[in-house]
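A.B. asks: Below is a structure I'd like to ask you about.
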Amino acid sequence: MTPGRSARRRVIAVGMLAVLAYGALAGCVDSVAASAGRDPVAIAIVVSDATPLRAGPHANASQQALLWSGDLLEVRAERLDHLQVYDHARERAGYVAASRVRRLRLEPEQAPELLAVVRFLRETPGSEALGIGYAAAWLRAAPPALLQGPEGAEALEALGAFADRLAERASADASASRPTQAAVAAHLEAATRHGLRFVSRERDGRVRLCYDGEAHARVLALSATAELQARAALALTRADCVDPDLGPAERRRDDELRVALLDRVSAAGLAPSWRVRVAMRRASLWSGLAYARAREGDAVAAHAAARQAIDALASVDRHELADDDAGAYADSAMRVNASRWAASDLEAIGRPLALRVQAGAPGETCVALVDVRQEAAPLATRCTYAQVWTASSSVNREASAVALAVQPTSTWRELWIFRKGRTGWRIQVLPPATTGPDVGYAEFAGWVPGGRQMLVARESRVEGRHRRSFEVVRLDDLATERASTDAESLGPFQRWQDAGWKRESVALR
């Protein structure tokens, strides 16, 4: 296991178990405590980017270093319109213009004022580095009673939020101008000097920076409000910051840890908007666990997990969804629908055709289509490393086509079509989208009489774009003849949609 992966799991475990004694983040304390032990210290926080640290109190003095917003400096004297300071992070002394910093004292009496600034910056996008600096100052100034109380949880949650937003800026600024990229890189460096840690996640050729979440984990160990707990738990359970290189067993254990984190959040004290966000995240995680447990051969546990996912999604009141939550809701619904067959109590009925499943190579499943009326060789066979949902199989009235749900990953479900042609049977695959896999499903929705068409529901999110469509598909080549974002606007869907699909699918949410 890599160090980054181990650290991430340790952070999540801290939040879940709440077994670590509370203390301010070590780096945030050390950045200012080194200056004078536990005595009150006069410090200055840099509020302007690219602030020169000069050798003398003049604008033309030689530059010792370049400081950035959020940097904390020890103030040793004042001369002219400059402050004489010492930068413990860079181990450099010098002068900075007084107009580019704000003077603070790390005393308990100053803690309320510092926290007020943290609250303001918490809701001010673009001020992440400055917010981290003020949060670090508050952690140093606040007495132990505040550190272990609601104010401590609030400050730590804000610190985690600043770190998350800064990581998002760093991940999104690849196409930004060079000065912008330089500023973000400097802010990240300043954040690491305050003890925050970031990890890189590479997915589909793109690198995303993620905060490791230690501040969020510590929030869950304190007497935090329900909303602060929800914020922290949601930050620790984000799907886009999961290590893509985790193996199946490791991913399942991480998902179980994340579900346990969300279970710590009390829904009773939450506002409706936060309650639906927690429910959507729980639905997403349980759907992943349903897939993982089915892959391990534990059908009972997979069934229970899939029911948890479906119930969590059903508990979401769509009237309480904010505009920014629409994408998260669609994503959660796709994940749940991808694994919903794990919760099915149905048995596939397909006479005179049936599917036989047997093990192939290690980890491989082979599916054979057979005619139950005669003992002969299979009509068609295909092997896969994906999860095969045999309960999903459906045969058309003409016994010339069979539909089967096959799930390669926890978030991506394809549709296999066994089709009888002039030269025999063949197998075609209909994916949720032509690119991917990311998140999505393609599922059978009904047979059109005549044996030439079928109804399909497809939904996907690929490269950030969400698409849902209901389609009339030609069986010969799986080409889409008609499509709509509304199933009711298609005549074949009104007449021939499968009753079981309409009852169980999440596509018609």
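The values are calculated or read from the model by the stated rules, or taken from the named source; none is laboratory data. Note that the structure is predicted; figures quoted are calculated from it, not measured. Counting neighbours? That spans all protein chains shown, and the Cβs are built from the backbone with ideal geometry, glycine included. Side chains are part of the model used for accessible areas, which takes the heavy atoms of the whole protein and leaves out ligands, DNA and RNA. Shrake-Rupley method; radii C 1.70, N 1.55, O 1.52, S 1.80 Å.
A.B. asks: Check whether at least one residue in region 426-447 is assigned to a strand (DSSP E or B) and farther than 22 Å from W501 by Cβ, and report yes or no.
C.D. replies: yes
A.B. asks: Checking V439 against (1) open to solvent by 20 Å² or more (accessible area, probe 1.4 Å); (2) of a type in the set (V, I, T); (3) within 32 Å of the chain's Cα centre (by Cα): exactly one of these is not met. Which one?
C.D. replies: (1)
A.B. asks: On the given criteria, is F493 among the hydrophobic types (A, V, I, L, M, F, W, C), in a helix (DSSP H, G or I), more than 30 Å from D255 (Cα to Cα) and touching a helix residue (DSSP H, G or I) at 6+ places or on another chain (Cβ under 7 Å)?
C.D. replies: It is true that F493 is among the hydrophobic types (A, V, I, L, M, F, W, C), in a helix (DSSP H, G or I), more than 30 Å from D255 (Cα to Cα) and touching a helix residue (DSSP H, G or I) at 6+ places or on another chain (Cβ under 7 Å).
Rundown of residues vs (1) under 17 Å from E398 (Cβ atoms); (2) touching a Pro at 6+ places or on another chain (Cβ under 7 Å); (3) part of a strand (DSSP E or B), yes/no style:
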site: I417; (1), (2), (3): yes, no, yes
site: H466; (1), (2), (3): no, no, yes
site: V473; (1), (2), (3): yes, no, yes
site: R509; (1), (2), (3): no, no, no
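A.B. asks: Out of the residues in region 231-277 that are more than 21 Å from E202 (Cα to Cα) and of a type in the set (S, T, N, Q), state the one that is least open to solvent (accessible area, probe 1.4 Å).
C.D. replies: So, considering only residues that are more than 21 Å from E202 (Cα to Cα) and of a type in the set (S, T, N, Q), the one least open to solvent (accessible area, probe 1.4 Å) is S273.
A.B. asks: Right, another one. Restricted to region 329-355, and to residues that are part of a loop (DSSP other than H, G, I, E, B) and at pLDDT 85 or above, which residue is least open to solvent (accessible area, probe 1.4 Å)?
C.D. replies: Step by step, filter region 329-355, then rank; the result is S339.
A.B. asks: Just give me the residues in region 72-97 being hydrophobic (A, V, I, L, M, F, W, C) and over 17 Å from A190 (Cβ atoms), in sequence order.
C.D. replies: V75, A77, L80, L83, A93, A97
Condition check ((1) of a type in the set (V, I, T); (2) in contact with a His (Cβ under 6 Å, 6 or more places away or on another chain); (3) open to solvent by 10 Å² or more (accessible area, probe 1.4 Å); (4) closer than 26 Å to Y211 by Cα) across all residues:
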site: R92; (1), (2), (3), (4): no, no, yes, no
site: V96; (1), (2), (3), (4): yes, no, no, no
site: E107; (1), (2), (3), (4): no, no, yes, no
site: Q110; (1), (2), (3), (4): no, no, yes, no
site: E123; (1), (2), (3), (4): no, no, yes, yes
site: L130; (1), (2), (3), (4): no, no, yes, yes
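A.B. asks: I've got another one for you. Any idea which of (1) of a type in the set (A, V, I, L, M, F, W, C); (2) under 24 Å from L236 (Cβ atoms); (3) touching a Phe, Trp or Tyr at 6+ places or on another chain (Cβ under 9 Å); (4) open to solvent by less than 10 Å² (accessible area, probe 1.4 Å) is the one L289 doesn't satisfy?
C.D. replies: Of the numbered conditions (1) of a type in the set (A, V, I, L, M, F, W, C); (2) under 24 Å from L236 (Cβ atoms); (3) touching a Phe, Trp or Tyr at 6+ places or on another chain (Cβ under 9 Å); (4) open to solvent by less than 10 Å² (accessible area, probe 1.4 Å), the odd one out for L289 is (3).
A.B. asks: Does region 378-425 hold any residues that are of a type in the set (V, I, T), within 27 Å of W496 (Cα to Cα) and open to solvent by less than 50 Å² (accessible area, probe 1.4 Å), and which are they?
C.D. replies: Matches in region 378-425: V388, V395, V402, V406, I417.
A.B. asks: Going through region 67-88 one residue at a time, which ones are out of contact with any strand residue (DSSP E or B) (no Cβ under 6 Å at 6 or more places or on another chain), open to solvent by 60 Å² or more (accessible area, probe 1.4 Å) and in contact (Cβ under 8 Å) with a residue 24 or more places away in the chain?
C.D. replies: D81
A.B. asks: Among the listed residues L166, L209, L262, identify the single one that is assigned to a helix (DSSP H, G or I) and within 15 Å of the chain's Cα centre (by Cα).
C.D. replies: L262 is the lone residue from the list that is assigned to a helix (DSSP H, G or I) and within 15 Å of the chain's Cα centre (by Cα).
A.B. asks: If you don't mind, there's one more thing I want to ask. For the list (1) of a type outside the set (V, I, T); (2) farther than 26 Å from D476 by Cβ; (3) more than 34 Å from the chain's Cα centre (by Cα), I need the number of the one condition that D371 fails.
C.D. replies: Only one criterion in (1) of a type outside the set (V, I, T); (2) farther than 26 Å from D476 by Cβ; (3) more than 34 Å from the chain's Cα centre (by Cα) is unmet by D371, namely (2).
A.B. asks: Shifting gears a bit: For the condition at pLDDT 95 or above, basic (K, R), within 15 Å of D49 (Cα to Cα) and surrounded by fewer than 19 Cβ atoms within 10 Å (Cβ to Cβ), what is the one hit in R119, R100?
C.D. replies: Result of the check over R119, R100: R100.
A.B. asks: Working carefully through the options L228, L222, find the one that is in a loop (DSSP other than H, G, I, E, B) and open to solvent by less than 30 Å² (accessible area, probe 1.4 Å).
C.D. replies: Unique residue meeting the criteria: L222.
A.B. asks: Determine which member of the set A314, A306, A322 is of a type in the set (A, V, I, L, M), under 24 Å from the mean Cα position of the chain (by Cα) and open to solvent by less than 30 Å² (accessible area, probe 1.4 Å).
C.D. replies: So the residue among A314, A306, A322 that is of a type in the set (A, V, I, L, M), under 24 Å from the mean Cα position of the chain (by Cα) and open to solvent by less than 30 Å² (accessible area, probe 1.4 Å) is A306.
A.B. asks: Can you name every residue in region 44-66 that is assigned to a loop (DSSP other than H, G, I, E, B), open to solvent by less than 30 Å² (accessible area, probe 1.4 Å) and closer than 14 Å to S99 by Cβ?
C.D. replies: P57
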